[in-house]
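Visitor: Quick one: the structure is below, and I'll ask about it shortly.
The values are calculated or read from the model by the stated rules, or taken from the named source; none is laboratory data. Computed from a predicted model, the values in this text were never measured in an experiment. Every residue, glycine as well, gets a Cβ built from its backbone with ideal geometry; the counts of neighbours run over all protein chains shown. SASA here: full protein model, heavy atoms, side chains in, ligands and nucleic acids out. Shrake-Rupley method; radii C 1.70, N 1.55, O 1.52, S 1.80 Å.
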There are 2 protein chains.
Amino acid sequence: MANLEANRWFTEVSDRDGSAFSLRINRKLDEIQSPFQNVEMYETTDFGNLMIIDGCTMVSSRENFFYHEMMSHPALFSHPAPKNVVIIGGGDCGTLREVLKHPDIERVTQIDIDEVVTQMSLKYFPELCESNNDSRATIMFDDGIKFMKEADAESIDVIIVDGTDPIGPGEGLFNHAFYTSCLNALRKGGIMIQQSESPLMHMPLLIEMRDAMTDVGFVDLQTLPFPQPIYPSGLWSSTMARKGEGFSGFREQDADKALFHTDYYNTGIHKGALATPNFMKRAFAK
Amino acid sequence: MANLEANRWFTEVSDRDGSAFSLRINRKLDEIQSPFQNVEMYETTDFGNLMIIDGCTMVSSRENFFYHEMMSHPALFSHPAPKNVVIIGGGDCGTLREVLKHPDIERVTQIDIDEVVTQMSLKYFPELCESNNDSRATIMFDDGIKFMKEADAESIDVIIVDGTDPIGPGEGLFNHAFYTSCLNALRKGGIMIQQSESPLMHMPLLIEMRDAMTDVGFVDLQTLPFPQPIYPSGLWSSTMARKGEGFSGFREQDADKALFHTDYYNTGIHKGALATPNFMKRAFAK
């Protein structure tokens, strides 16, 4: 058996999955206990910098593009003309950066409860924060649940829920009350997208989320699998839900001719992500 | 830092990737040192049974479907009418099972050098071996490199190279001499498919393989990414190469109406796997 020396490896044990994932580290860069959570930063040997929140791997330099691109571009290209976007969570600012690549978007408001996450990202993932000063961006540190509850009705085109797992500060982002707030705040045809865990490992939770979105009145759902190398199973998903009308494809031509840089996303990847694997189809059909 | 007790966890350290992956185990089921390699079997808490070869995770009950389906169906549906298939390696018999789901295939020959792998699979992955007695199947334990060198010219429709990494017994499956044997043994329009490592972590090796296939005379390549939860990065790939003519789509209608059970593969998944992520496109274009 391998023996991972604690000073050379960061290991996250996922008890619910019976698995653990480790990255080799050169050194610890930082650690701050915020009022909400413990945030650590490491320099790894092969994955660049690594952010840990409450012991769980969150973001690494090398592979965060999968997640941030799949939390933004599919939803934005599925909406006919998104202008006003809200990001709940997303304190590392990587999703914000992707959203701001869309030139027709007029306003993006990011609400993360924990300023420390953004401070750490500014320092150790400056590339994710390169659009923080875009004049269309508003970065708030506040309670996203309260923000959505108080948001004007029919005011938002796309809501991106870029939170942690449904434990700790992220817990309230996975329930009927929150989804109802999101539904009310969306304009007709508006889209909510949320990270929805591993389709391989967390199907009961994924189905619970989908059911809750339907329960509160969203009329159509799409769950998109994508690679997520540092999360359990390496396979993750985002789930999109639409208000008032079903999805009708996405703006393929706009996606094809988009002039911005992506590392994972393209039109074919979007279409591919809509091709639900059979094991997921069967689970959703139950 | 987490401390993984050696008697409760199996850990594979991937030195080349600076990462490690662990599965929690209930107990060790078996261990046999074959003339070629060390084969261990564990019962895990969440992934079913787990086969380890020379310290590397190979197959688990829970997630092997991704790999076995993506090593077989895309190549078989890309060939207009495959009749004679050869599998080099593949001793766990999971790829063989998938190939035999295609009713029009007349003959499948599997050549793995190590009989112990198949013995272990028969005992601990009986579901993967359920087609071993199919009258169309021939299971040989021999040197796959020699087999391909001596194969009749223009005799095979699809060659599936289901080997381990390019170290140890699998090493000879990743070079010009072997690819030349495969090319010679294929009929015109024939297809070779090989597991081609992680596109995220092992791009130089993947490009080397692609270049070698092109060097020996294959005329078209397709590299298909797919989830592989127990291998480094959780993202793996297979690379297909064609003899004499380029790929021209695949038999979509046949794939759509196929009556056999799959857990991952379907027509949309096949199309999605052909949509190369941008970071791969850029690497291949260099």
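Visitor: Search the structure for amide H atoms under 5 Å from the amide H of B:Ser61, placed 1.01 Å from N in the peptide plane, and list their residues when 5 or more places away or on another chain.
Guide: It is B:Asn49, by chain and number.
Visitor: Compare A:Asp211, B:Asp256 by solvent-accessible area with a 1.4 Å probe and give them largest first, with all protein chains kept in place.
Guide: Ranked list, largest accessible area first: B:Asp256, A:Asp211.
Visitor: Could you go through region A:217-227 in sequence order and give the Karplus-derived ³J(HN,Hα) for each residue, using 6.51 cos²θ - 1.76 cosθ + 1.60 with θ = phi - 60°, rounded to whole Hz, and x for Gly and Pro?
Guide: Couplings: x, 5, 9, 8, 10, 9, 10, 10, x, 7, x Hz.
Visitor: Using only DSSP helix segments of four residues or longer, with each worth -39500 (n - 2.57), what per-residue ellipticity at 222 nm results for the protein assembly as shown after dividing by its residue count and rounding to 500?
Guide: On the way: 20 runs with 164 residues, N = 572.
Taken over the protein assembly as shown, the calculation gives -8000 deg cm²/dmol.
Visitor: Please report the antiparallel percentage of DSSP beta bridges with both residues in the protein assembly as shown, rounded to the nearest 5.
Guide: Restricted to the protein assembly as shown, the bridges split so that about 65 percent are antiparallel.
Visitor: Also, quick follow-up: With the Cα gyration tensor of region A:146-230 giving a ≥ b ≥ c as the square roots of its eigenvalues, does the rule (a/c under 1.5 for rounded; else a/b larger than b/c for prolate; else oblate) give rounded, prolate or oblate?
Guide: It is prolate, given that a/c is not under 1.5 and a/b is the larger ratio.
Visitor: Classify region A:64-285 as rounded, prolate or oblate from the Cα gyration tensor: take a ≥ b ≥ c as the square roots of its eigenvalues, call it rounded if a/c is under 1.5, otherwise prolate when a/b beats b/c and oblate if not.
Guide: Rounded shape, in that the Cα axes give a/c under 1.5.
Visitor: Once you have a ≥ b ≥ c as the square roots of the Cα gyration tensor eigenvalues for region B:6-60, tell me rounded if a/c is under 1.5, and otherwise prolate or oblate according to whether a/b is larger than b/c.
Guide: oblate
Visitor: Just report the Cα centroid separation between region B:3-69 and region A:177-234, whole Å.
Guide: A separation of 32 Å, based on Cα centres.
Visitor: Separate question: Tell me which GluC sites (Glu not before Pro) from region A:95-147 have a DSSP coil assignment and no more than 16 other beta carbons within 10 Å of their own.
Guide: Sparse-neighbourhood loop GluC sites (Glu not before Pro): A:Glu106, A:Glu130.
Visitor: Moving to a separate point now. Could you compute how much accessible surface A:Lys243 exposes when probed at 1.4 Å, giving the result in Å² to the nearest 10?
Guide: The accessible area comes out at roughly 30 Å².
Visitor: Write down the percent of antiparallel bridges among all DSSP beta bridges whose residues are both part of region A:64-285, to the nearest 5.
Guide: 40
Visitor: Span-like helices, chain A: DSSP H, alpha-carbon axial extent 18 Å or more, mean Kyte-Doolittle -1.0 or greater, which ones?
Guide: A:203-216
Visitor: Where the label is 7 Å out from Cα toward Cβ, how close does A:Asp134 come to the same position in every other copy, in nm, shortest first?
Guide: Ordered by increasing distance: 5.1 nm.
Visitor: I've got another one for you. Too long at a 31 Å Cα-Cα cut-off: which of A:Lys188/A:Lys286; A:Lys146/A:Lys271; A:Lys257/A:Lys286?
Guide: Table pairs above 31 Å Cα-Cα are A:Lys146/A:Lys271; A:Lys257/A:Lys286.
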